[in-house]
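Report on one structure; see the data block that follows.
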Amino acid sequence: MAALESSDSVVAGMAGPEVEGGVLGRAHRALSVGIVSVVLLIAFEATAIGTVMPVAARELDGVSLYAFAFSGYFTTSLTGMVLAGQWADRRGPLAALATGIGAFAGGLVVSGTAQVMWVFILGRAVQGFGGGLVIVAVYVVVGRAYPERLRPAIMASFAAAWVVPSIVGPLASGAVAEHLGWRWVFLGIPLLVLLPLGLALPQIRRRAGGPVDHDAGTPAFDRRRIRLALAVSLGAGLVQYAAQDLRPLSLVPGILGAALLVPAVRRLLPRGTYRAVRGLPSVVLLRGLSAGSFIAAESFVPLMLVTQRGLSPTLAGFSLAAGGLTWAAASWAQSRPRMEPYRERLMTFGMVLVAAAIAVAPAVLVPAVPVWTVAVAWGFGCFGMGLVISSTSVLLLKLSAPAEAGANSAALQISDALSNVVLLATAGAAFATLGSDGTPAFASVFLPMAGVALVGAWVTTRLRAAD
């Protein structure tokens, strides 16, 4: 309780007397517009790139490496997240955010100019490092610059920022890919970085710059945590490689990767995370289970619709568009003050919806099932994710002292990204083993992910800390 009171007092002190009003009130308007613009950029990239990924993989003769194009992003983001947590806690989130946006744009250029699949994956890795820096820095800004009562609302605003990209992104990127080529989708997005930089950075410098305790000076970076993050990224990469190339010799990189990955992760996440200890450890675990199962399944939806039902990239991407609306609606619902006493129950309901959506999606592999079944199922699944993801962010900041906001935000995002890496590697291995085509290959992706989401539903019963 003392830690929470301290957090509120520090944030209030930083915000000054202008904390009255909502996230778009005079005190917070410019900052809110700036950081929501950053999220808008990430959202547009995710929806646009996901739409054209099947086209890029086929042109670069890399369908068998399809999962790497997604998991490569999340692997390097792990290092970016830990570095951003250190950077933000010690020197403020400004430099981490600016560097992250630059790397994010640079990775898009590398992928957009790639002539072979491995260079394309390398660009995704650079982009992931930048994305890891950005997302943790944004969370630290929220923890420092907004009082606790406004945090659910700004998290709901982040979800709302996905609405327009989820509708416009598939249509725009699909049209560009069909008429100009998929490369122009990657090369055009970097132009959008100018708006977030111009809006967000001056406000972050004024409201959330520097270390939490300005009188204590700038503490040194914890090099041990950075080395652990590098071990996690390297280990995850080796495990992915082993999972993608299932031969006896693949055991060597697989075992080496696990030897690096497991001990490092145990030291980077709160103690008791993988035992679902009540409170903060279960919040961090739930984030990984929810995001990993959903993203691993969603990554294969456009490919399934393009290769099995003959849809164009535009229509395949647009089948997921309704999810942006339902995700934002659920995030808005969880932000209402009267919902606070029921937050854990809402999250349980959300994870059940996620599991059901993932389980229903492969039904379209049966020709008699209408293609729009995926759109309906994914709308319900995104509603569940809107309840869960925003709530885990709110709970994490509530349980974090000011000086730990960066490290704990990094832990939340590490759980998210690591679960994405592991589950995408698992799904990719099963998909490649069963021939990268047909009903068995896609069913081997979706049905296990539905089971993971059900485990997440159980973890939601462990979120309330013991008295």
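Of the residues making up region 307-324, one or more are within 29 Å of residue 44 (Cβ to Cβ) and among the charged types (D, E, K, R).
The sole residue among 335, 312 that is among the polar types (S, T, N, Q) and in contact with a Gly (Cβ under 7 Å, 6 or more places away or on another chain) is 312.
None of 423, 396 is modelled with pLDDT under 90, open to solvent by 10 Å² or more (accessible area, probe 1.4 Å) and either of a type outside the set (Val, Ile, Thr) or not in a helix (DSSP H, G or I) (or both) except 423.
So, in region 351-368, of the ones that are part of a helix (DSSP H, G or I) and open to solvent by 60 Å² or more (accessible area, probe 1.4 Å), which residue ends up nearest to residue 390 (Cα to Cα)? Only one residue fits best here, namely 352.
Conditions (1) more than 30 Å from residue 343 (Cβ to Cβ); (2) in contact with a Cys (Cβ under 8 Å, 6 or more places away or on another chain); (3) open to solvent by less than 20 Å² (accessible area, probe 1.4 Å), marked per residue:
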site: 109; (1), (2), (3): yes, no, no
site: 112; (1), (2), (3): yes, no, yes
site: 120; (1), (2), (3): yes, no, yes
site: 132; (1), (2), (3): no, no, yes
site: 141; (1), (2), (3): no, no, yes
site: 146; (1), (2), (3): no, no, yes
site: 157; (1), (2), (3): no, no, no
site: 166; (1), (2), (3): no, no, yes
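In region 368-389, the residues that are over 18 Å from residue 315 (Cα atoms) reach residues that are in a helix (DSSP H, G or I) and among the basic types (Lys, Arg) with C-beta atoms within less than 9 angstrom, at least six apart or across chains, in these pairs: 387/343; 388/287; 389/287.
Please work out if residue 381 is touching a Gly at 6+ places or on another chain (Cβ under 8 Å), small (Gly, Ala, Ser) and within 24 Å of residue 66 (Cβ to Cβ). Considered against the rule, which asks whether it is touching a Gly at 6+ places or on another chain (Cβ under 8 Å), small (Gly, Ala, Ser) and within 24 Å of residue 66 (Cβ to Cβ), residue 381 comes out as yes.
The values are calculated or read from the model by the stated rules, or taken from the named source; none is laboratory data. In this text the structure is predicted, and so the values were computed from the model without any measurement. Because the Cβ atoms are built from the backbone with ideal geometry, glycine has one as well, and the counts that use them run over all protein chains shown. Quick note on the areas: whole protein, heavy atoms, side chains included, nothing else; ligands and nucleic acids left out. Shrake-Rupley method; radii C 1.70, N 1.55, O 1.52, S 1.80 Å.
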